[in-house]
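Scroll down for the structure; my scribbles are underneath it.
The values are calculated or read from the model by the stated rules, or taken from the named source; none is laboratory data. All of these numbers come straight from a predicted model, not from anything done at the bench. Heads up, the Cβs are rebuilt from the backbone with ideal geometry, glycines too, and the neighbour counts pull from every protein chain shown.
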Amino acid sequence: MDYLKDPDAIYSASFAAIAEAVDLDTVPPTLRKIVTRLIHSCGMPEILPNLHWSGDPVTPARGALEDGKPILVDATMVASGITTRFLSKQNDVICTLNAPETRDIAKRLSTTRSAAAVDLWEPQLDGAVVAIGNAPTALFRLLEILQQPETPRPTAIFAFPVGFVGAAESKEALIDADLDIPYLTLRGRQGGSAFAAAAINAVALGDQQ
């Protein structure tokens, strides 16, 4: 069969097709590469109008990674999707979903393990980069915690919870929260680990893309 096999050529052709399919002039310059990566991760240019951001999450997130700050994720699939060789400071990618304490917290608070896992983020939360690609309850819980004034603040939030229950609502809650933390999210039910990992990879790659 005759098909394109060269990896660099495939990437170039993919990104050229995305540039032709969407008007990236509607996106701030600092976000264009990450938006391209998000579209590339799902093959759907039509997500562009549903992307929503506050401030510039990319520049401070890149600075945080260069300072060695950790990446906090809600799911092992997000962690697995992050290309660690892009992380020049060998940043820790932390997922507390399967930590021994998580199940006990979930039972005590009558909530999901995904939400309970966020309670374990606090020691690493200050200046961290947050990427949520699965659980709406993780984003809801993060917002609850961040509404407490003494809670350490992450540098940026990349929020892509997915599903039919709570996904759209959790992202609208982020938009309405007025946290003064830069973020990027995708309105509606769409999202997933590939989005969250693609966002972090784009941040880590920077101008190498």
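Restricting attention to the range 1-31 and to residues that are closer than 17 Å to A198 by Cβ, β-branched (V, I, T) and in a helix (DSSP H, G or I), the residue that is farthest from the chain's Cα centre (by Cα) turns out to be I10. Filtered by the rule that a residue be aliphatic (A, V, I, L, M) and within 18 Å of R189 (Cα to Cα), the range 115-155 gives A131, I132, A135, A138, L139.
Looking for something of a type in the set (S, T, Y), crowded, with 16+ Cβ neighbours inside 10 Å, part of a helix (DSSP H, G or I) and in contact (Cβ under 8 Å) with a residue 12 or more places away in the chain - is there at least one such residue anywhere in the range 44-61? Looking for residues that are of a type in the set (S, T, Y), crowded, with 16+ Cβ neighbours inside 10 Å, part of a helix (DSSP H, G or I) and in contact (Cβ under 8 Å) with a residue 12 or more places away in the chain, one finds at least one in the range 44-61, hence yes. The residues listed here are S41, S80; of these, the one that is modelled with pLDDT under 95 and not in a strand (DSSP E or B) is S41.
Which residue, of S41, S88, S80, S14, is of a type in the set (S, T, Y), touching a helix residue (DSSP H, G or I) at 6+ places or on another chain (Cβ under 8 Å) and under 26 Å from A116 (Cα atoms)? Sole residue among the options that is of a type in the set (S, T, Y), touching a helix residue (DSSP H, G or I) at 6+ places or on another chain (Cβ under 8 Å) and under 26 Å from A116 (Cα atoms): S80. Within the range 32-43, the set of residues being without any contact (Cβ under 8 Å) to a residue 60 or more places away in the chain and under 18 Å from R187 (Cβ atoms) comprises V35, I39. Residues that are among the hydroxyl-bearing types (S, T, Y) and over 30 Å from P154 (Cα atoms) within the range 1-60 comprise Y3, Y11, S12, S14, listed in sequence order.
In the list V130, V118, which residue meets the criterion of being under 25 Å from N50 (Cα atoms) and free of Cβ contacts under 8 Å to residues at least 60 places away in the same chain?
Numbers: V118 fails: under 25 Å from N50 (Cα atoms).
Just a single option satisfies the conditions, and that option is V130.
What number of residues in the range 135-161 are assigned to a loop (DSSP other than H, G, I, E, B) and touching a strand residue (DSSP E or B) at 6+ places or on another chain (Cβ under 9 Å)?
Start the filter on the range 135-161 by keeping residues that are assigned to a loop (DSSP other than H, G, I, E, B), which leaves 135, 147-155, 160-161.
With the extra rule that they be touching a strand residue (DSSP E or B) at 6+ places or on another chain (Cβ under 9 Å), the set shrinks to 154-155, 160-161.
Within the range 135-161, residues that are assigned to a loop (DSSP other than H, G, I, E, B) and touching a strand residue (DSSP E or B) at 6+ places or on another chain (Cβ under 9 Å) number 4.
N91 - would you say it is within 20 Å of G191 (Cα to Cα) and outside any helix (DSSP H, G or I)? Steps first, please.
Values: within 20 Å of G191 (Cα to Cα): no; outside any helix (DSSP H, G or I): yes.
So N91 does not fit the description; no.
Would you confirm whether or not the range 107-130 contains a residue that is assigned to a loop (DSSP other than H, G, I, E, B) and at pLDDT below 95? No, that holds for no residue.
Do we find a residue being under 16 Å from I181 (Cβ atoms), aliphatic (A, V, I, L, M) and surrounded by 15 or more Cβ atoms within 10 Å (Cβ to Cβ) anywhere in the range 86-98? Spell out how you get there, then give the answer.
Keep residues of the range 86-98 that are under 16 Å from I181 (Cβ atoms), which gives none.
For the range 86-98, residues under 16 Å from I181 (Cβ atoms), aliphatic (A, V, I, L, M) and surrounded by 15 or more Cβ atoms within 10 Å (Cβ to Cβ): absent.
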